[in-house]
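Q: Next up is a structure, given as structure tokens.
The values are calculated or read from the model by the stated rules, or taken from the named source; none is laboratory data. Everything numeric in this text was worked out from a predicted model, so none of it was measured. Note that we place each Cβ from the backbone using ideal geometry, even for glycine, and neighbour counts take in every protein chain shown.
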Amino acid sequence: MPSNNEFVLVGSLNYSRDPENPENYKLVHYYVSERMLLTINFEIEVFSRISNDDIIRNLNSCKNAVDGFLFMLSELLNTFLDGIDDFEEKLIKLEKKIRFNNQMNSLEDIFKSRSEMLFFTHLVLPIEEIIIALQEAYLDSIIKVDNYNRTRFRLERTMKLLNHFEHQIESLLNLNMNLYTVRGNEVIKALTVFTVLVTPITVLGALWGMNFKYMPEFDWKWGYIFAWFVILLTTGLIYAWLHKKGWTGDILKRNK
């Protein structure tokens, strides 16, 4: 049992870095004091940048159990950074996809990226809480510990990357929503122009469909040709007027 003045850190930490299966937790349960470090259900193979022999050697060279625990947290952050690097590559591909070929499923991909980023954030936040708790317990004396400083700097780097990705995803989301708004406006604009252009033939068709008994144009020799001439002329005049006003824009000139 620890003495009354001894600091003890007890808790659990999720160290799974697979955002595709967030339900598959890998929890390590830990008990840390200055003299003792106990872990349960921790797979040492999770460390991606260091061999097992180097892990044992570094742990044996630590001054106390807290120092050893900080070393483990530092290497765990390295593992998370590898996953964040993979996430960054996906985000770059998503940016290129939106920039050069904005497909309808881009919004879904953005939300998926945001979900992955939140997954990594939830992994890192407990480590940040542990670092703050150690600083609260040991005050200035913990600053002299190399593994503490290394872990703190690595944590700051990880959090800055996540914050940067958060702003990047928000920018992509805003850009995508703006593109959808512009496309929606173009559709409404095209429908409006189409409605105006077909107005002459709609009006004339409605008049000739009334079947009144006395409609003198039915007896005209060139009535059919004259009707088409009136329809095409009025449609052309309306289009020319819309084009002159600049209301047609580039509806008929879509980019390839």
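Q: Of all residues in region 73-84, which are modelled with pLDDT under 90 and of a type in the set (D, E)?
A: If the condition is that a residue be modelled with pLDDT under 90 and of a type in the set (D, E), then D82 is the only one that fits.
Q: Can you confirm whether L175 is aliphatic (A, V, I, L, M), more than 14 Å from D67 (Cα to Cα), surrounded by 15 or more Cβ atoms within 10 Å (Cβ to Cβ) and touching a residue at least 24 places away in the same chain (Cβ under 8 Å)?
A: yes
Q: Hey, another quick one. Which one of these is surrounded by 15 or more Cβ atoms within 10 Å (Cβ to Cβ) and either at pLDDT below 80 or touching a Ser or Thr at 6+ places or on another chain (Cβ under 8 Å) (or both): N211, N147, N185?
A: N147 is the lone residue from the list that is surrounded by 15 or more Cβ atoms within 10 Å (Cβ to Cβ) and either at pLDDT below 80 or touching a Ser or Thr at 6+ places or on another chain (Cβ under 8 Å) (or both).
Q: Still on this structure, please answer the following. Testing D53 on (1) under 20 Å from H122 (Cα atoms); (2) assigned to a helix (DSSP H, G or I), one condition comes back false. Which one is that?
A: Condition not satisfied by D53: (1).
Q: Does any residue of region 10-17 turn out to be aliphatic (A, V, I, L, M), assigned to a strand (DSSP E or B), within 27 Å of M117 (Cβ to Cβ) and in contact with a Pro (Cβ under 9 Å, 6 or more places away or on another chain)?
A: yes
Q: Would a scan of region 95-102 turn up a residue that is assigned by TED's automatic domain parsing to the domain that holds N64, in a helix (DSSP H, G or I) and under 22 Å from N21 (Cα atoms)?
A: Going residue by residue through region 95-102, those that are assigned by TED's automatic domain parsing to the domain that holds N64 are 95-102.
Right, trim to in a helix (DSSP H, G or I) and you get 95-100.
Next, from what is left, pick out any that are under 22 Å from N21 (Cα atoms): none.
Scanning region 95-102 turns up no residue that is assigned by TED's automatic domain parsing to the domain that holds N64, in a helix (DSSP H, G or I) and under 22 Å from N21 (Cα atoms).
Q: Answer yes or no as to whether L59 is crowded, with 18+ Cβ neighbours inside 10 Å, part of a helix (DSSP H, G or I) and over 15 Å from the mean Cα position of the chain (by Cα).
A: Answer is no for this residue.
Q: Mind listing whichever residues of region 62-88 are out of contact with any helix residue (DSSP H, G or I) (no Cβ under 8 Å at 6 or more places or on another chain), part of a loop (DSSP other than H, G, I, E, B) and in contact (Cβ under 8 Å) with a residue 40 or more places away in the chain?
A: K63
Q: Can you run down the residue pairs with Cβ atoms below 8 Å, 6 or more apart or on separate chains, where the first is in region 146-168 and more than 24 Å from K63 (Cβ to Cβ) and the partner is surrounded by 14 or more Cβ atoms within 10 Å (Cβ to Cβ) and aromatic (F, W, Y)?
A: Qualifying pairs under 8 Å: T158/F80; L162/F120; F165/F87.
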